[in-house]
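Everything on this sheet refers to the single structure shown next.
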Amino acid sequence: AGDGITNVGTVNVSGLEAGATWEYSTDGTNYLTGTGTSFTLTGDGAKSVIVRQTDVAGNASAASAALGFTLTVETLAELRES
């Protein structure tokens, strides 16, 4: 509810040009190739993600603004203990 904390690590990517490829980074240096329109991050803790795309002519966009959030992946056993 706007607090930046979630237990869902799926990040949806939108606004891509037709035929463009895209990639994402969680450290601002190393990029992973994206497929489809989403990717999933795992593990508890603070996350920061940037995305960039390359159009069919080979022009790379600037990186997006960072999306920051905290991912909490509690298991049912952990919830029972708290």
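The values are calculated or read from the model by the stated rules, or taken from the named source; none is laboratory data. All values reported here derive from a predicted model rather than from experimental measurement. Note that we place each Cβ from the backbone using ideal geometry, even for glycine, and neighbour counts take in every protein chain shown. Quick note on the areas: whole protein, heavy atoms, side chains included, nothing else; ligands and nucleic acids left out. Shrake-Rupley method; radii C 1.70, N 1.55, O 1.52, S 1.80 Å.
The table below gives the values:
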quantity	calculated
Cβ pairs under 8 Å, 6+ apart, first in the stretch 34-46 and in contact (Cβ under 8 Å) with a residue 60 or more places away in the chain and closer than 19 Å to Thr21 by Cα, second open to solvent by 50 Å² or more (accessible area, probe 1.4 Å) and not in a strand (DSSP E or B)	none
Subset of the stretch 3-14 [open to solvent by less than 90 Å² (accessible area, probe 1.4 Å) and more than 11 Å from Arg52 (Cα to Cα)]	Gly4, Thr6, Val8, Gly9, Thr10, Val11
Output for the stretch 21-34, where each listed residue is of a type in the set (Gly, Ala, Ser), part of a loop (DSSP other than H, G, I, E, B) and surrounded by 15 or more Cβ atoms within 10 Å (Cβ to Cβ)	Gly34
Considering residues of the stretch 35-58 that are farther than 22 Å from Thr70 by Cα and of a type outside the set (D, E, K, R) only, the residue surrounded by the most Cβ atoms within 10 Å (Cβ to Cβ)	Gln53
Cβ-Cβ under 9 Å pairs, at least 6 apart or on other chains, the stretch 1-16 side on the phi > 0 side of the Ramachandran plot, far side outside any loop (DSSP other than H, G, I, E, B)	Gly4/Gly68; Gly4/Phe69; Gly4/Thr70; Gly15/Gln53
Hey, Leu71 among the hydrophobic types (A, V, I, L, M, F, W, C), open to solvent by 60 Å² or more (accessible area, probe 1.4 Å) and modelled with pLDDT under 95 or not	no
Residues of the stretch 35-55 that turn out to be of a type outside the set (Ser, Thr, Tyr) and in a loop (DSSP other than H, G, I, E, B), as a count	5
Members of the stretch 29-49 found to be over 10 Å from Thr10 (Cα atoms) and in contact with a Gly (Cβ under 9 Å, 6 or more places away or on another chain), listed by number	Gly43, Ala46, Lys47, Ser48, Val49
